[in-house]
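What follows is a single structure, written as structure tokens, with notes after it.
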Amino acid sequence: MSELARIRQEYARRQARLANKNRTASLYALFVNQQLERSISGVLESSGCDLPALQTLDVGCGNGFQLRNLVRYGANPENLHGIDLLWERIQCAYHLSPNITFYCGNAENLPFADASFDMVMQFTVFSSILDQGMRQKIAAEMLRVLKNAGWILWWDFWVSNPHNPHTRGIGRAEIMQLFPNCVYIFHRVTLAPPIVRRLIGHSWLLCYLLECIPFLRTHYLAVIRKQVAGG
């Protein structure tokens, strides 16, 4: 099975699982998304960026959830773009956000000109790719379409799940290898998912408190900026 076929099959499996999720799974998703939103809003505020003016691309956008969050923060929908491998997700994204531009395609060959975007985002895309060559091609494409003054917003886990052979964590050293000659800011965020799943149905407050302990956080929220010559 090719890597593209494997990824399509795995995301179909995840979608079927989500369709049958129980209350604990819903609370888990809500907690993780709220924590991530808080972290991203802090990064955007500290960057001093003019969010409404940013041309933004979300690689592996799914149904456009993160792009819609940017609209809530003040982004201009006309400047937002998303691409995903699965047509079903793109159809859903169009239905939910007709004022955002979406594409169905393989991120190894992004359908955009060089230096098109101020910000390129990815959320748990790379950890779902097991083929190192594909990871490198997508990373190179993300850098190609990024403007010299632009930045990549990265959220993904670095701790592999031994019970899930369909994903592989990606650490700081590999991120830097995928995006060479850049400037990096790493934040460790997101309480370990197994802890959240076990506790969220009992105590939301306890999850908040545990999330404050750095060694219990399993994801990197990273800002990756191109190293501009003479900068």
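Worth pointing out:
- Checklist (1) closer than 15 Å to Ser39 by Cβ; (2) assigned to a helix (DSSP H, G or I); (3) of a type outside the set (S, T, N, Q) applied to Leu209, failing item: (1)
- Boolean, Ile213 is surrounded by 14 or more Cβ atoms within 10 Å (Cβ to Cβ) and among the β-branched types (Val, Ile, Thr): no
- Residues that are farther than 16 Å from Met134 by Cβ and touching a helix residue (DSSP H, G or I) at 6+ places or on another chain (Cβ under 6 Å) within region 153-168 comprise just one, Phe157.
- Total residues in region 92-125, condition surrounded by 18 or more Cβ atoms within 10 Å (Cβ to Cβ), out of contact with any Pro (no Cβ under 8 Å at 6 or more places or on another chain) and either within 18 Å of Arg225 (Cα to Cα) or among the aliphatic types (A, V, I, L, M) (or both): 11
- Residue within region 99-115 that is assigned to a loop (DSSP other than H, G, I, E, B), within 14 Å of the chain's Cα centre (by Cα) and not basic (Lys, Arg) present: no
- No other residue among Ala19, Ala29, Ala53 is on the phi < 0 side of the Ramachandran plot and either at pLDDT below 80 or among the acidic types (Asp, Glu) (or both) apart from Ala19.
- Any hit, region 43-51, residues being aliphatic (A, V, I, L, M), farther than 21 Å from Ser116 by Cβ and over 12 Å from the mean Cα position of the chain (by Cα): yes
- Residue identified as part of a helix (DSSP H, G or I), under 27 Å from Asn106 (Cβ atoms), at pLDDT 90 or above and not β-branched (Val, Ile, Thr) among Gln66, Gln35: Gln66
- When residues in region 52-91 are screened for being of a type in the set (S, T, N, Q), within 24 Å of Gln9 (Cα to Cα) and surrounded by fewer than 22 Cβ atoms within 10 Å (Cβ to Cβ), 2 of them pass.
- Glu141 vs. criteria within 24 Å of Asn33 (Cβ to Cβ) and out of contact with any Phe, Trp or Tyr (no Cβ under 8 Å at 6 or more places or on another chain): no
- Gln227 meets each of the listed conditions (1) loosely packed, with under 15 Cβ neighbours inside 10 Å; (2) at pLDDT 95 or above; (3) within 22 Å of Lys137 (Cα to Cα) apart from (2).
The values are calculated or read from the model by the stated rules, or taken from the named source; none is laboratory data. This one's a predicted model, so the numbers in the text were calculated from it and none came from an experiment. Cβ atoms come from the backbone with ideal geometry, glycine included; neighbour counts cover every protein chain shown.
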